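Taking it in order: structure first as structure tokens, then the write-up.
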Amino acid sequence: MSSGRHCFHCGAPTRSDRPLVIEVHGEAAIVCSEACRKIVQLISDKGLTNFYRFREEPAGVGAEAGSDPNRWICYDRPALQREFVSIDDKGGHRAHLLLEGVKCAACVWLIEQAMQTIPGVGRITVDPFTGRAELQWEPDQVRLSELLSQLSQLGYSPAPYTEDETDRVVVRERRMALKRLIVAGLGMMQVGSYAIGMYAGAFQGMDADIEQFLRIISLLVATPIVFYSGAPFFTAAWRDIKARKPGMDVPVALAVGSAYGASVWNTLTGSGEVYFDSATMFVFFLSGARFLEMAGRHRALNMTGALARHLPQVVIRITGGQQESVGIREIEVNDLILVHPGKIIPADGLLEGSEARVDESVLTGESVPIRKRHNEMLVAGSINLVNAIHVRIQRVGTDTVMAQISHMITGAQENKPRLVQLADKVASWFVTGVLVVAGLVGFVWWNIAPERAFEIVLAVLVVTCPCALALATPAAFTVATSTLARQGFMLRRTGALQVLARITYLLFDKTGTLTESGTVIQEVIPYGAHSKKKVLAIAAALESHSEHPLATAFYECAGTGAARNVKAVPGEGLEGEVDGGIYRIGKRDFALFPGVNSGGKKDELPAKEGELRSVYLGGSEGLLACFEIAEQIRPGAAALVALAHTAGITTAIASGDSVGPVHALARKLGISTE
């Protein structure tokens, strides 16, 4: 049943030396960890092993799978439940959750079947696409913490799902717009098919009764399209007229309303032409354009919500020397909280302790860990990497750096660029001109040929509608902003996109922008009796304690050995104990212990200043090795620089690195160093 190389439950690689075996369907299955073994055992005990027959891909192991069940007890607190639990008229409780690890319909089946066997559970519904779940239970029969623990033991880590008012407004707006668009699309196709029949009948001949029947059917189908799908145009047009600021909706409403009204009259009187197909098509295409613009705006707003959802919902607060789990909204300024390794810092605060290493990539985009020292500020959203730390909270809620970034993203969406403001103003002038022209054309044709005056005025309104002018500009800015946000770029002002077309100078950061955050070892030069494998193992053990970008080159070489008592000397390197010996790695003078001879190898030491960086390893017997390390150029960097030069843009590099590597990279990319 299992290949022996990959876990039967989650598909991860398994250890061949000490495999974990469990019986499923009477056959031996190998799992990768004790957590997976417990999950498979629980599924088997509940008689739900058919899950493995119907799943579409290996299951996930939730982040909290197999964790201490007591960690969920805090969710029994009413203060915390207020954020995501609602109570119906009969006293039943309903929790709104997000489940990590839901991948297919088989996962949904497993969760529903497993949870419904627990007394006190009413029902649970899970959306396989979003992972959202709704759990109904009776609190007098079972506690919420027990249910969350059960979900975790199944391998699906639960988290509260809190939907703020912005989310609700977005959902309502999207659903309403989608309904209107679907009605307009389906109706337009039906009316169009009837119109084709009438057009063909105009050339080939058609019985008057059949033509009248098609007109009546078109009227019945077009009516909900005009008055339901087209309602936003009429509402906006009436608002603009009352404000005496005619916008693009005014000619749209006039065109659609006039075409529909004339068609109804001609249908009832049995004379003239009908324009139901034109009216419905107009509504559909304009509704589609606005739906796309709305979708782009919502995607940009979702980036703000994603930042907020990155924060943990529960934190550990230390009060009087005792630990307690509280909701994130319950912490206050000056509270002392405990953050375990791998956990997210929930609010801005000062580090209480000697030092910590944190990952601030969610805020800065830089994946290189940052070392923080005592009393330095830690920002919300950062990830604590190494040891458990204590943080004294300084800013919470909307005062945190992450909240301010969210406000900046929202503000960038709300502030209209000058080009959009100009388009709105031009559209207003244009609409006024269109209405005046339409009135003059109607007056002239009424005196020339009254029977044709209406259709010509209608044609003027339709052809001259400034929809593209008023829709294209804001839609382009909205889509561009949301696309950049998904790629990690934050715009403080959307007007910056307009300025980009006129830039003449482009300044690049080096590490992480033009180069990858990681590095590679190009060459190992041993000086003593140690082999390359030995010096690499010693160097990797020491560098595993460093967050310096050059240290990443040694991560893949790490073996079973470990360094102890490692001390970092700022600007020089590391010193520590490996296998009973004291070693140093870093700059040459630092690696060469005071009073220790270099071993007569000074002439062999490379003294180059280029794209390669030299890192030296030394011990009590002298220098042991030199490692030549190179940065990797980010894919696409050279093409980007070449494209900038083609556009006549001057490029330069700004870096805190030494001159040699910066110049070497500039030469390779074709950037001038003068």
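The values are calculated or read from the model by the stated rules, or taken from the named source; none is laboratory data. What you see is a predicted model; the values in this text were computed from it and never measured. Note: ideal-geometry Cβ built from the backbone for every residue, glycine included; neighbour counts use all protein chains shown. SASA here: full protein model, heavy atoms, side chains in, ligands and nucleic acids out. Shrake-Rupley method; radii C 1.70, N 1.55, O 1.52, S 1.80 Å.
So the values come out like this:
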{"quantity": "By accessible area with a 1.4 Å probe, ligands and nucleic acids excluded, highest first: order of M189, M115", "calculated": "M189, M115"}
{"quantity": "Amide N of the stretch 623-640 lying under 16 Å from the label point, which is placed 7 angstrom from the Cα of A529 along Cα→Cβ", "calculated": "623-625"}
{"quantity": "Distance (nanometres) between label positions extended 7 Å along Cα→Cβ at R5 and Y199", "calculated": "6.0"}
{"quantity": "Calculated FRET value between E57 and T504, using beta carbons and R₀ = 51 Å, to 0.05", "calculated": "0.50"}
{"quantity": "Proximal charge balance of G327 [Cβ under 13 Å; K/R count +1, D/E count -1]", "calculated": "-2"}
{"quantity": "Inter-label distance, nm, simple model (7 Å from Cα along the C-beta direction), E211/A28", "calculated": "8.5"}
{"quantity": "Calculated FRET value between A647 and L178, using beta carbons and R₀ = 25 Å, to 0.05", "calculated": "0.05"}
{"quantity": "Solvent exposure ordering (accessible area, 1.4 Å, most first) of V326, V524", "calculated": "V524, V326"}
{"quantity": "Neighbourhood charge, 14 Å Cβ-Cβ cut-off, centred on A195 and excluding it, Lys, Arg +1 and Asp, Glu -1", "calculated": "-2"}
{"quantity": "By accessible area with a 1.4 Å probe, ligands and nucleic acids excluded, highest first: order of K533, K38", "calculated": "K533, K38"}
